[in-house]
Amino acid sequence: MVTSRSIRKAGELVSNSIRRTFSTKKWEHREQLHTLVETDRFFLRKVRWQISILAHIGFAIAFGIRANFGVAKNRMMNNFTDAYGDTHEPEFSWTATELGMMESSFFYGYAASQIPAGILAAKFAPNKLFLIGVAVASMLNMIVAFAFQYHPMTDVMVMVMQVIQGLALGVTYPAMHGVWRHWAPPLERSKLATTTFTGSYVGVMIGLPLSAALVSYFSWSAPFYVYGCAGLLWAMCWWYVSAGSPKDHSYITEEERTYIVEKVGKVATGNMTLTTVPWKTILFSLPVWAISICNFCRSWTFFLLLGNQLTYMRDVLHLDIRHSGLISALPQLMMAIVVLISGQLADWLRSTGKMNTGTVRKMFNTLGFTGEAIFLALLAFIHDPTLAVACLVSAATLSGMNVAGFNVNHFDIAPRYASILMGLSNGFGALAGLGGFITQHLTVNNPAGWKYCFLLAMCVDIFGIIVFLLFGKGEIQEWAREPEPEETLGEFVRRISTLVRNMSSRRRLSNNTSDGAQIDYARMKEERNNSSEMEPRNTAPVELGLSTPPDSLKNRTTDRPEVV
């Protein structure tokens, strides 16, 4: 006899089968989706790569802005022959102290904005913070040129503008770390980050010769206005393309959004405040200090060449500014290429399991600083222009490798606080910009002082190697792990209520099943006894409607019926 319980049992079996089928299809679709997103070779279709390339251009503009004054001062302070053969007398007569203060004032603002920028990038939309930084710096770049020309208190006005410009551009690195905190899948972090940050080297590579050409063909103020307009045009493009996270993007495909959200996972969730950040643990963390010290060491050499490379080529190598502007672009070009290759290679080594993350970071960091230190030491004793340029190019080229070392290590040790760590380390690194005082006092009217500048930079690089080898890490730190969400009182009550309801349902179902089995057992036993009294034992039971007894009833040795 077909009972209601057997029908219910069959229904549950069919329902579970359908659920498993659709669940399997869902996961198969998800795996196909991830495979499609990962194997799509045309990277510009991926929004995260569009953001990376546009951020690259933003950094190029930002560092071009920072190179403007270093080029323009050669025409502002010296007798200058332009591209048309006309000679121009100097318009400003600053002392070494005044010049050093103007060049260093940018770094006061730059260093001061780093940690606040990291906090803001963790709490608000980091893409908008990056936009504000570049746009404000671009507008101020044009105001600085105007102040140089027309303001009666030129020195003070320019210093104030430089400090504000430093505050604006100081948010760029922490903001982009905040962007990649939401957008970069773990095994693409090196590639996406190095592609973005290569813009700083491309910016110097293009900025130095372009600014030199503008100064030579037009005026010393031309680079300030050109880069100011370029930054504002870029800001409009960034506003359209970028978003704080994949969930907020307007035209990203559902496939890429799902892929990024699932790969990034819980790291990109949570709303941090000043009180929830473990400041004490961060400030006493040796891996954090290893990154910060390496940032300082790299910034020391980078700022040395960024602001004074053309001066070195003019005073020591006796190269014309138009030629030296083109030559100075070569080290930055090679550095940018090496940074891109290093990022790809670092991610490949990590994804194949050939090396763990810590070993990869230390290897690239050591190779970069060691190569730079060797060629800076040689540069201190070489005066031949050809050999000196070769050493400059080699030092800059090899230094690009350490970007795949310490510069992306924030994501490894504390992805949740990556923007804050970048603000802290970059703020410490910005202090290296104050070395402009040392460079000015060593080299003004003393070309031989460049030897001591290069030897000092070599010692700084060696110090960075030792610190990172001793204290650098590649795994996420315990204090940076995502905390378990705290259960509210309402959630606790709902969870207990659901648990009680489920237990009651199971008990009720168990009682019904047990009672039904006892009733069926008693009824079927009575029917069998009645049937055996009226008919022979080999007669088929009429109530079941069977012509012959089923095999399951032929050899029964017990009175208990078979459960359907």
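Looking at Leu319, Leu305, Leu310, which is the one that is more than 25 Å from the chain's Cα centre (by Cα), in a loop (DSSP other than H, G, I, E, B) and not polar (S, T, N, Q)? Lay out the reasoning, then the answer.
Numbers: Leu305 fails: in a loop (DSSP other than H, G, I, E, B); Leu310 fails: in a loop (DSSP other than H, G, I, E, B).
Selected residue: Leu319, the only one of Leu319, Leu305, Leu310 that is more than 25 Å from the chain's Cα centre (by Cα), in a loop (DSSP other than H, G, I, E, B) and not polar (S, T, N, Q).
Please verify whether Ala222 is surrounded by fewer than 24 Cβ atoms within 10 Å (Cβ to Cβ) and either under 21 Å from Leu305 (Cα atoms) or β-branched (Val, Ile, Thr) (or both), treating the condition exactly as stated. Please lay out each step first, then the result.
Values: surrounded by fewer than 24 Cβ atoms within 10 Å (Cβ to Cβ): yes; either under 21 Å from Leu305 (Cα atoms) or β-branched (Val, Ile, Thr) (or both): no.
Criteria not met by Ala222.
Could you list, in sequence order, all residues of the range 161-185 that are touching a residue at least 24 places away in the same chain (Cβ under 8 Å), among the aliphatic types (A, V, I, L, M) and either at positive phi or assigned to a helix (DSSP H, G or I) (or both)? Spell out the reasoning first.
We begin by selecting, within the range 161-185, every residue touching a residue at least 24 places away in the same chain (Cβ under 8 Å); these are 162-185.
Checking which are among the aliphatic types (A, V, I, L, M) leaves us with 163-164, 167-169, 171, 175-176, 179, 184.
Residues satisfying the conditions are Val163, Ile164, Leu167, Ala168, Leu169, Ala175, Met176, Val179.
Within the range 452-470, restricting attention to residues that are under 17 Å from Ala380 (Cα atoms) and crowded, with 17+ Cβ neighbours inside 10 Å, which residue is nearest to the chain's Cα centre (by Cα)?
Filtering the range 452-470 for residues that are under 17 Å from Ala380 (Cα atoms) and crowded, with 17+ Cβ neighbours inside 10 Å, the one nearest to the chain's Cα centre (by Cα) comes out as Asp461.
Would you mind stating whether Met157 is at pLDDT below 80 and of a type outside the set (Gly, Ala, Ser)?
Details: at pLDDT below 80: yes; of a type outside the set (Gly, Ala, Ser): yes.
So Met157 fits the description; yes.
Please report, ordered by residue number, the helices (runs of 4 or more DSSP H) entirely within the range 362-434 with at least 2 residues that are in contact with a helix residue (DSSP H, G or I) (Cβ under 6 Å, 6 or more places away or on another chain), within 30 Å of His318 (Cα to Cα) and free of Cβ contacts under 8 Å to residues at least 40 places away in the same chain.
Working: elements: 385-399, 409-413, 418-430.
In the range 362-434, the matching helices (runs of 4 or more DSSP H) lie at 385-399.
Checking the structure you have, find out if any residue of the range 138-147 is surrounded by 19 or more Cβ atoms within 10 Å (Cβ to Cβ), closer than 30 Å to Asp412 by Cα and not aliphatic (A, V, I, L, M).
no
Which condition from (1) assigned to a helix (DSSP H, G or I); (2) of a type in the set (Ser, Thr, Tyr); (3) under 30 Å from Glu89 (Cβ atoms) is the one that Thr198 breaks?
The number of the failed condition is (3).
Scan the range 169-192 and tell me whether some residue there is closer than 22 Å to Pro90 by Cα, surrounded by 24 or more Cβ atoms within 10 Å (Cβ to Cβ) and not basic (Lys, Arg).
Initial filter on the range 169-192 (closer than 22 Å to Pro90 by Cα): none.
There is no residue in the range 169-192 that is closer than 22 Å to Pro90 by Cα, surrounded by 24 or more Cβ atoms within 10 Å (Cβ to Cβ) and not basic (Lys, Arg).
If you scan the range 229-261, which residues turn out to be in contact (Cβ under 8 Å) with a residue 24 or more places away in the chain, more than 22 Å from Ala137 (Cβ to Cβ), assigned to a helix (DSSP H, G or I) and β-branched (Val, Ile, Thr)?
Thr258, Ile260
Hey, could you check the range 75-90 for residues that are closer than 23 Å to Tyr227 by Cα and modelled with pLDDT of 75 or more and say which is surrounded by the fewest Cβ atoms within 10 Å (Cβ to Cβ)?
Looking at the filtered set, the residue picked out is Met76.
Quickly run through the range 47-87 and pick out the residues that are of a type in the set (Val, Ile, Thr), farther than 26 Å from Ile143 by Cα and either under 19 Å from the mean Cα position of the chain (by Cα) or in a helix (DSSP H, G or I) (or both).
The answer is Val47, Ile51, Ile53.
From the set of residues in the range 349-405 that are within 21 Å of the chain's Cα centre (by Cα) and of a type in the set (Gly, Ala, Ser), which is surrounded by the fewest Cβ atoms within 10 Å (Cβ to Cβ)?
Among residues in the range 349-405 that are within 21 Å of the chain's Cα centre (by Cα) and of a type in the set (Gly, Ala, Ser), the one surrounded by the fewest Cβ atoms within 10 Å (Cβ to Cβ) is Ser351.
In the range 375-427, which residue that is of a type in the set (Val, Ile, Thr) and in contact with a Pro (Cβ under 9 Å, 6 or more places away or on another chain) is nearest to Leu345 (Cα to Cα)? Step through it out loud before you land on a result.
Of all residues in the range 375-427, those of a type in the set (Val, Ile, Thr) come to 382, 386, 389, 393, 397, 403, 408, 413, 420.
Narrowing further to those that are in contact with a Pro (Cβ under 9 Å, 6 or more places away or on another chain): 389, 393, 397, 413, 420.
Details: Val389: 28, Val393: 22, Thr397: 16, Ile413: 20, Ile420: 27 Å.
Among residues in the range 375-427 that are of a type in the set (Val, Ile, Thr) and in contact with a Pro (Cβ under 9 Å, 6 or more places away or on another chain), the one nearest to Leu345 (Cα to Cα) is Thr397.
Residue by residue, here is whether (1) under 11 Å from the mean Cα position of the chain (by Cα); (2) modelled with pLDDT under 85; (3) closer than 23 Å to Thr258 by Cα holds:
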position	(1), (2), (3)
Met176	yes, no, yes
Pro186	yes, yes, yes
Ser190	yes, yes, yes
Gly199	no, no, no
Val204	no, yes, no
Pro209	no, yes, no
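The values are calculated or read from the model by the stated rules, or taken from the named source; none is laboratory data. Not measured: the values here are computed from a predicted model. Please note: Cβ atoms are built from the backbone with ideal geometry, for glycine as well, and neighbour counts cover all protein chains shown.
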